[in-house]
1. Please list 3J(HN,Hα) in residue order for the stretch 14-20, calculated via the Karplus relation 6.51 cos²θ - 1.76 cosθ + 1.60 where θ = phi - 60°; whole Hz, with x for glycine and proline.
2. Could you work out the relative contact order of the stretch 20-72? I mean the mean sequence separation of Cα pairs under 8 Å and 6+ apart, divided by the number of residues, in percent.
3. If contacts are Cα pairs under 8 angstrom and at least 6 residues apart, what is the relative contact order of the chain in percent?
Amino acid sequence: MTGRESHRLRIVERPVSPYLQWELHVLQVRAESGVQDIRILDAAELTGLEAEHHLPELVFLGTTVMYEVLYDSDGTHSGGRRHDDPEVIHACHRQLVELHGAGERLLTYFEREIAPLPAPHGHA
């Protein structure tokens, strides 16, 4: 570890898709190793924040740069948009800190919701 804190907030929708199930298995390893403090929020808890559109996926590089991860209409990663405005970065970070604090720790969620599921099947 570099001494830097790393946090992740994963919004989950039900029913859990095979991809999400796989992703949460990967994130479980990161959480168990202490690499990231990962929290889970149910998408149903965000209806007020997502009234007009889904919340963006954001990546913060310190306090001076933020990237918005972009996806096309099929959900395929299509790039990123860089944000340098300190006020925008601060406001987004403040909101995410609040949401992260309200989230459930991944390891607790994983044991209750994901571990009991049968292994996901691949798609043809």
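Laboratory data are not the source of any read-out in this text; all were calculated from the coordinates shown. As the structure is a computational prediction, the values presented were derived from the model and not from experiment.
1. Taking θ as phi minus 60°, the curve returns 10, x, 5, 6, x, 5, 4 Hz for the stretch 14-20.
2. Once normalised by length, the contact order is 17 percent.
3. Working: 130 pairs, mean separation 35.7, N = 124.
It rounds to 29 percent for the chain.
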